[in-house]
Amino acid sequence: MGPGFGPPPNEEMNAKLKEPKPESAKEVPAYLKSVISKFFSRLFYIAGLIWEAKPSLLILMVFMAIFNGVMPVIGSLISANLLTKLAQAIVIFAETKEPVSLGFVFVPLLMQFGFLFFNNLVNQINQIITNISSEIVTNHIKVKIMNKAKEVDLASFDMPDFYERLENANREAGVRPINVLRSSFSVVSTIISIASYIIILSTVAWWMPLVVIVVSAPSAYITMKYRKKNFLYMRRRSKDRRQLNYYSDIMVNKDLVKEIKLFGLSETFINRYKEVFKKYFRGIKKLVLAEGAWSIAISVVTTVVNCLLFLYIANQVRIGQIEAIGNYSLYTGALNSISSGVAAFISTISTIYEGTLFIDNMILFMNEKKTIVAKEQIPAPIERHCGHTIEFSHVSFSYPGTTRKVLDDINLKLDAGDTAVLVGLNGAGKTTLIKLLTRLYDPTEGVIYLDGRNIQEYDPADLYKIFGIIFQDFGKYAVTVTENISFGQVDRVIEQENIEHAAKQSSADLFIDLLPQKYDTPLMRYFETNGIELSIGQWQKLSIARAFYSDSDILILDEPTASLDAIAEQEIFNQFDELRKDKTTLFVSHRLSSATTANKIIVLEQGRIIETGDHKTLMAARGKYYELFSTQAKRYISSEDETIRVENYESGREGNRQPTADRGAHGNPGDR
């Protein structure tokens with residue numbers, strides 16, 4: 001959770017989705033126009049997504065919309081004709097005592113069976129194609145979201161509303177578009193069917209379809225109203241949903257299960273889950289019950305009206321206004337179809353409306369603006385494989401959504417070949433300074449120069465290539481050992497010799513050689529049952545190997561050895577001494593013994609630089625650095641002579657290299 005992460009601004013997010021209600025009758029037309037316009041713009045956006053993924057799917061949907069609209073009417077006409085023929089056969093038999101020929105009913109029966117077979121066949125084929133296409137569309141949209149996430153600024157990840165959009169887009173966008181568009185074409189089919197049945201029913205009484213539609217109007221209003229209330233409630237309680245997911249996920253997280261069991265945290269998290277669900281469910285239950293009560297009342301009225309209409313049609317048969325018995329079936333069926341069609345129309349429109357509102361999550365996410373870009377139309381070229389100068393000029397920075405300055409008026413210059421170390425307590429701003437240097441963020445104030453140019457004049461993609469970085473929260477990837485190391489420079493052709501050389505430089509080769517498949521061993525058990533779980537120290541050695549593997553000009557090491565023991569740390573720093581020759585190096589380490597090799601030490605406190613110099617100068621000044629260094633050194637001070645013992649571990653000779661303490665027992669790197 002990044003700095004500045006606070007409660008989601010739900011009301012602000014909801015306001016973006018709500019259309020301002022009209023304050024007077026004059027504003028109603030403009031309000032309706034805006035609502036309808038946004039509805040169709042969302043619908044066209046969805047259609048565009050599906051067209052991008054598979055144009056033939058959209059064409060198939062159009063065909064099926066028309067097909068499904070006319071087929072029920074054709075089926076009703078065929079059934080009515082068959083029923084009439086059968087009724088006539090009964091009458092003829094009653095009058096003549098002779099059965100009619102089989103051919104009298106054979107053709108209507110053949111038409112009925114042919115209709116059923118053809119209708120079922122087309123729908124089965126459509127279902128097969130739709131299932132396959134749904135996977136294609138979902139994949140297309142997931143890739144689209146991933147590509148957008150690749151482009152989005154790191155600063156966006158510190159904004160709560162961005163997390164909400166990302167969560168909703170990733171959860172909903174995969175299935176919503178295809179469902180919304182399918183529902184939209186279902187509405188087209190329903191309209192075609194209703195229109196056809198209205199024409200049929202109007203031959204009996206023109207006012208009957210109007211009565212059915214008018215009776216359905218209250219149901220439309222209630223359904224739409226509660227769909228929107230449900231949607232806005234879910235948006236408003238987005239924090240609750242994230243908490244529910246967090247508490248349920250944390251209980252099955254394999255990396256936390258040991259601590260949860262030993263500290264007895266299970267009941268704590270289960271109870272918190274229950275408490276959050278209780279609050280969340282209270283609102284959902286209230287909405288469902290209220291909508292259900294209205295729906296029951298409206299259903300009673302609708303049923304009574306339908307019964308009266310059925311009675312009217314039956315009476316028309318009784319007095320001879322409707323002669324063929326099959327027509328009674330046709331008209332009552334048309335009445336039922338209009339009634340159910342209107343209900344389906346209302347329900348589907350509500351589903352589409354709700355779905356298009358959720359699609360706003362994706363639209364908002366996809367419209368997220370990228371600000372970390374080259375400020376010049378033609379970015380300045382970056383000279384490679386040479387020394388670089390770095391200068392911070394009056395740089396200040398606050399994380400998005402906050403006003404507190406994490407860095408305040410930083411002035412700093414690193415010359416080509418400098419080895420600098422950032423020193424300070426947790427929260428002093430060390431990692432943030434590195435994020436600004438690598439242009440993961442832009443300064444709130446001031447300018448950062450690289451080789452005399454504003455860093456914003458370079459293309460960020462080119463800029464990232466000159467940095468070899470190890471962050472303190474380094475990545476652990478569920479791929480093979482070779483791939484984990486090669487991620488240090490993903491555009492470099494993988495040659496096993498280079499991979500093994502990088503592993504040797506980071507001392508990772510010691511435990512890799514003990515793995516079942518050595519460099520081809522899959523790590524973590526996300527995908528492979530034979531995946532190996534490494535210790536945190538072994539993972540850190542792999543991250544260091546990535547830095548050795550990368551062809552970088554500037555080395556940035558943020559707590560690169562925090563999870564290693566003292567001997568392993570000394571081995572790594574001996575290798576770093578070789579790696580950083582002729583390169584500008586900036587590293588953060590709380591173990592200040594490593595700072596003694598730096599020619600420039602920068603001491604940060606509460607976001608400001610309070611001291612700079614080399615080890616000897618700062619120790620003589622007896623300031624903050626002296627205090628921090630002396631505090632760590634006390635463990636090595638002899639009680640007799642009060643002198644500091646400095647133990648140097650030499651590990652340069654190949655024959656003396658031994659596996660360090662983070663190797664697992666019995667050759668299993670995961671056991672400690």
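Could you list, in sequence order, the residues of region 407-421 that are open to solvent by 10 Å² or more (accessible area, probe 1.4 Å), outside any loop (DSSP other than H, G, I, E, B) and of a type outside the set (Lys, Arg)?
Asp408, Asp409, Asn411, Leu412, Thr419
Report, by residue number, each residue of region 148-199 that is among the acidic types (Asp, Glu) and open to solvent by 30 Å² or more (accessible area, probe 1.4 Å).
Glu151, Glu167 - these are the residues of region 148-199 that are among the acidic types (Asp, Glu) and open to solvent by 30 Å² or more (accessible area, probe 1.4 Å).
With Asn315, Asn336 as the choices, which residue is in a helix (DSSP H, G or I) and modelled with pLDDT under 80?
Answer to the selection: Asn336.
Go through region 195-287 and tell me which helices (runs of 4 or more DSSP H), entirely inside it, have 2 or more residues that are farther than 30 Å from Tyr328 by Cβ and of a type in the set (Val, Ile, Thr).
The helices (runs of 4 or more DSSP H) meeting that bar are 207-236, 257-263.
Given the residues Arg272, Arg241, which is the only one that is open to solvent by less than 50 Å² (accessible area, probe 1.4 Å) and among the charged types (D, E, K, R)?
Going through Arg272, Arg241 in turn, just one is open to solvent by less than 50 Å² (accessible area, probe 1.4 Å) and among the charged types (D, E, K, R): Arg241.
In a helix (DSSP H, G or I), in contact (Cβ under 8 Å) with a residue 40 or more places away in the chain, farther than 22 Å from Ile199 by Cβ and more than 28 Å from the chain's Cα centre (by Cα), is that true of Val301?
In short, yes.
Only one residue in Gly424, Gly488, Gly452, Gly468 is crowded, with 19+ Cβ neighbours inside 10 Å, modelled with pLDDT under 90, of a type outside the set (D, E, K, R) and on the phi > 0 side of the Ramachandran plot, so which one is that?
One residue alone meets the criteria, Gly424.
Go through Ile66, Ile59 for me and flag whichever is in contact (Cβ under 8 Å) with a residue 40 or more places away in the chain, in a helix (DSSP H, G or I), open to solvent by 70 Å² or more (accessible area, probe 1.4 Å) and under 19 Å from Thr130 (Cα atoms).
That would be Ile66, the only listed residue that is in contact (Cβ under 8 Å) with a residue 40 or more places away in the chain, in a helix (DSSP H, G or I), open to solvent by 70 Å² or more (accessible area, probe 1.4 Å) and under 19 Å from Thr130 (Cα atoms).
Considering only residues that are more than 17 Å from Ser589 (Cα to Cα) and open to solvent by 30 Å² or more (accessible area, probe 1.4 Å), which ones fall in region 427-445?
Leu440, Asp442, Thr444, Glu445
Does Asp473 qualify as being modelled with pLDDT of 90 or more, surrounded by fewer than 16 Cβ atoms within 10 Å (Cβ to Cβ) and either in contact with a helix residue (DSSP H, G or I) (Cβ under 7 Å, 6 or more places away or on another chain) or not polar (S, T, N, Q) (or both)?
In short, no.
If you scan region 582-610, which residues turn out to be under 17 Å from Leu433 (Cβ atoms) and open to solvent by 30 Å² or more (accessible area, probe 1.4 Å)?
Selection gives His590, Lys600, Glu605, Gln606, Arg608, Ile609, Ile610.
Sort out which residues of region 201-218 are closer than 30 Å to Asn327 by Cα and open to solvent by 40 Å² or more (accessible area, probe 1.4 Å), and write them in order of number.
Matches in region 201-218: Ser202, Thr203, Trp206, Trp207, Leu210, Val211, Ile213, Val214, Ala217.
The values are calculated or read from the model by the stated rules, or taken from the named source; none is laboratory data. Predicted, not measured: the structure shown is a model, and the values here were computed from it. Using ideal geometry, Cβ is built from the backbone for each residue, glycine included, and neighbour counts are taken over all protein chains shown. Quick note on the areas: whole protein, heavy atoms, side chains included, nothing else; ligands and nucleic acids left out. Shrake-Rupley method; radii C 1.70, N 1.55, O 1.52, S 1.80 Å.
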